[in-house]
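Before any comments, here is the structure.
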Amino acid sequence: MTFSRNHSFKNRLFSKIKALKSRPERMKRLQGDVYLLTFKNHPPLILKGFTSREKWYRQQVFTSLLKQKGFDRTYSMYSEPEPFQLDGMWYSFIEFLPPSANKFSFANESNRKEGAQLLEAFHNSADQISLPSLPVYNQLNKWRDRLALFRQNVPYIREHIPESILKEWIAWAEWSLKGLETYQKEINQETNTIIHGDCAHHNFLRKEDGTLALIDFDLIAKAPRMIDYLQYANRILPHLDNPSKDIWKYQQIAAYKKNPAFLYALAYPSDIFREWNLLFKTRFRIDHVWKITVEDFEKRMELNKQLAQLVSK
């Protein structure tokens, strides 16, 4: 049995799982405060840390309500054994969904379409749920902050990419934010739902039986579903051969082709700013962010020019 955590953590963990009548054989850290527990005589469990009991409870209630409303393509979050607190974190148990060897990928077109369909099914169930304590999502403020941080990193970024390309991305970001502010009411016209808030590829899990599940509800918030589709569109853009044509193949995204707020927002280089900002924080390799910033520049500019034409009609 291998554990890397301290004795206090192990003692609290063992005291909580006595009811299972099976001590864990191994605890593997998956990422951050997320662990996989394997047992000899019990199905595996995920152990996840939350920064507060309220955040755990909100997600536990939400996932339970999702299933009651017909969305069963996610995990269950257990209320028993109860979560335990240690070093300012609350640790709770989550159902382990055995993954398929065939992982979900935005590089695959059928996967991209399936992911968009799963988001739609999620929203259809989330529409029927009310969680009063949820924060209200503000896309404009978030992107203003992201641009500000990117500007702080410009002295280092210009060492890696041409000045002309750098200025072009910033100019499009400013154009996008100005339009988004002007047409904010077009976003608010769509009824609020509970959005997922983090439509990254690692939150779409291909299960062992082949079905696709949606996981990780740390960033759920009140907002129009448009926000999730905007984020999803931004995530898949680097994987499209011809973004100005291919992005409209997804009916959930194409539904907003005449919405000026969505069009302005789609021009915002969220992925590029996010990856550069993370690069200087985590020191990841530069290959991927170079590709989406420089190598994909021309095809992304074609999309932005198309978006500018669409909002001018």
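Do we have Ser92 as modelled with pLDDT under 95, open to solvent by less than 20 Å² (accessible area, probe 1.4 Å) and polar (S, T, N, Q) here?
Taking the combined requirement at face value, the residue satisfies it.
Quick one: in region 259-299, which of the residues that are touching a residue at least 12 places away in the same chain (Cβ under 8 Å) and not in a helix (DSSP H, G or I) is most open to solvent (accessible area, probe 1.4 Å)?
Result: Ile286.
Those residues that are open to solvent by 10 Å² or more (accessible area, probe 1.4 Å) and within 19 Å of Ala171 (Cβ to Cβ), I need them from region 302-313; list them, please.
Glu302, Lys305, Gln306, Ala308, Gln309, Leu310, Val311, Ser312
Table: residues versus (1) closer than 20 Å to Ile187 by Cα; (2) part of a helix (DSSP H, G or I); (3) small (Gly, Ala, Ser).
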{"position": "Glu82", "(1), (2), (3)": "no, no, no"}
{"position": "Gln85", "(1), (2), (3)": "no, no, no"}
{"position": "Tyr91", "(1), (2), (3)": "no, no, no"}
{"position": "Ser105", "(1), (2), (3)": "no, no, yes"}
{"position": "Arg112", "(1), (2), (3)": "no, yes, no"}
{"position": "Ala116", "(1), (2), (3)": "yes, yes, yes"}
{"position": "Leu119", "(1), (2), (3)": "yes, yes, no"}
{"position": "Phe122", "(1), (2), (3)": "yes, yes, no"}
{"position": "Leu134", "(1), (2), (3)": "yes, no, no"}
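Does Leu47 satisfy the criteria of being surrounded by 16 or more Cβ atoms within 10 Å (Cβ to Cβ), under 29 Å from Glu114 (Cα atoms) and modelled with pLDDT of 95 or more?
It is false that Leu47 is surrounded by 16 or more Cβ atoms within 10 Å (Cβ to Cβ), under 29 Å from Glu114 (Cα atoms) and modelled with pLDDT of 95 or more.
With respect to Phe122, determine if the residue is touching a residue at least 24 places away in the same chain (Cβ under 8 Å), within 27 Å of Val289 (Cβ to Cβ), open to solvent by less than 20 Å² (accessible area, probe 1.4 Å) and not polar (S, T, N, Q).
No, not satisfied.
Is there a residue in region 46-53 that is within 20 Å of Asp209 (Cβ to Cβ) and of a type outside the set (Phe, Trp, Tyr)?
Yes: region 46-53 contains one or more residues that are within 20 Å of Asp209 (Cβ to Cβ) and of a type outside the set (Phe, Trp, Tyr).
Quick check, is Thr63 at negative phi and modelled with pLDDT of 95 or more?
yes
The values are calculated or read from the model by the stated rules, or taken from the named source; none is laboratory data. Not measured: the values here are computed from a predicted model. All Cβ positions, glycine included, derive from the backbone under ideal geometry; neighbour counts span all protein chains shown. In case anyone asks, the SASA skips ligands and DNA or RNA and just uses the protein heavy atoms, side chains included. Shrake-Rupley method; radii C 1.70, N 1.55, O 1.52, S 1.80 Å.
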